[in-house]
1. Being modelled with pLDDT of 85 or more and either in contact with a Ser or Thr (Cβ under 6 Å, 6 or more places away or on another chain) or of a type in the set (Gly, Ala, Ser) (or both) is the filter here, so list the residues in the stretch 174-184 that pass it.
2. Of the conditions (1) surrounded by fewer than 15 Cβ atoms within 10 Å (Cβ to Cβ); (2) touching a residue at least 24 places away in the same chain (Cβ under 8 Å); (3) more than 15 Å from Tyr138 (Cα to Cα), Asn196 fails just one. Which one is it?
3. Considering only the stretch 257-275, how many residues are at pLDDT 95 or above and either surrounded by fewer than 20 Cβ atoms within 10 Å (Cβ to Cβ) or not aromatic (Phe, Trp, Tyr) (or both)?
4. Would you mind telling me which numbered condition in (1) over 16 Å from Gly265 (Cβ atoms); (2) crowded, with 20+ Cβ neighbours inside 10 Å; (3) touching a residue at least 60 places away in the same chain (Cβ under 8 Å); (4) under 16 Å from the mean Cα position of the chain (by Cα) Asp164 fails?
5. Considering only the stretch 206-265, state which residues are out of contact with any Ser or Thr (no Cβ under 9 Å at 6 or more places or on another chain), under 19 Å from Thr91 (Cα atoms), not charged (D, E, K, R) and not in a strand (DSSP E or B).
6. Is it the case, given these coordinates, that Ser142 is closer than 19 Å to Asp69 by Cβ, modelled with pLDDT under 95 and surrounded by 16 or more Cβ atoms within 10 Å (Cβ to Cβ)?
7. Kindly indicate whether any position in the stretch 91-107 is within 17 Å of Leu176 (Cβ to Cβ), at pLDDT below 90 and among the polar types (S, T, N, Q).
8. Here's a check for you: in the stretch 67-113, which residue that is touching a Phe, Trp or Tyr at 6+ places or on another chain (Cβ under 9 Å) and part of a helix (DSSP H, G or I) is surrounded by the most Cβ atoms within 10 Å (Cβ to Cβ)?
Amino acid sequence: MTIKKILIIIFIFLFSSNLFSQDENKTGTLKDTTYTSIATTKILNMLKKGKAPKVTLQLSFNYNIGHLDLAGNENTIFSKEDFINGANFGTRYGFGTTLTGKIALHKEGNVRLNITASYNRFASNFVISESPDGKVAYNVFSWGLGIENNFAPAKKLKPFIGIDLLASLIGGSAELTTDSADFNLKIKNSMRYGININLGFEYAFNNNVGFNLGYKLTYANLIGRQNKTSSVINETYLNDDKITTSEPVPYGGWKQFVYSTFYTGINVYFGMKNKR
């Protein structure tokens, strides 16, 4: 074999080895880039800035936990004596739903006007076992108007905090068990005014739909408490004010309708443009 042929073979070998090494490095680099960047890419996509929605329609489903005088069943079951004496509302847990319209008040979309309508039901035998003393349940219809600050309205992940003024129509019914029979009591609708503080976040799947998760603290009867006596024996009012007369008021006493709400649901966006 001549020296010329030997040199040609060596050249071909070295050239092929170099190509193989480059292909291997490229493949490894692509593979590393692909696997190591997935989490980072997803996080960055959540923070991509686009155009904030002009209007957001939010539907949420609520789980409620009562506090103060709405926590009568915290450590025990419904107590007929406490309820009749006006010591508490006789219940603690509830559920409900809220529909909220959020309207951006400027181009950036941080500040929103919130309009809400909600229904929540509290029942002494919801979560907690039924009591031999009976049971009580409240239906709460609320309407709210408030302001919300969204910290990142033009991004996919949108944390927010807000405050609402509320008007609530509260009524319900009770069943008091006696030795001879059950006494059915109607709690007539009473209007109360209050406030709630709301915080949470939204996540937009695309420019049209997302989901929400949050927490709300509500003081439903901050204003408007009163005691009234019904002319019908099996009817009463909410009777949540202090008794200032010597005459007793059935089911009456200073009571605070305060509760926490943990909620989640879906959002529909109008006018939002997020980057892909």
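The values are calculated or read from the model by the stated rules, or taken from the named source; none is laboratory data. Treat the numbers as computed from the prediction; the structure is a model and nothing was measured. Don't worry about glycine lacking a Cβ; one is built from the backbone with ideal geometry, like all the others, and counts go over all protein chains shown.
1. Listed by number, the list holds a single entry, Ala174.
2. Failed condition: (1).
3. Total meeting the criteria: 9.
4. That leaves (3) as the condition not met.
5. Scanning the stretch 206-265 gives Gly253, Trp254, Gln256.
6. Details: closer than 19 Å to Asp69 by Cβ: yes; modelled with pLDDT under 95: no; surrounded by 16 or more Cβ atoms within 10 Å (Cβ to Cβ): yes.
No, not satisfied.
7. Of the stretch 91-107, the ones within 17 Å of Leu176 (Cβ to Cβ) are 91.
Imposing the further condition that a residue be at pLDDT below 90 reduces the set to 91.
Add one more test, that the residue is among the polar types (S, T, N, Q), and what stays is 91.
Yes, the stretch 91-107 has at least one match.
8. The residue in question is Leu70.
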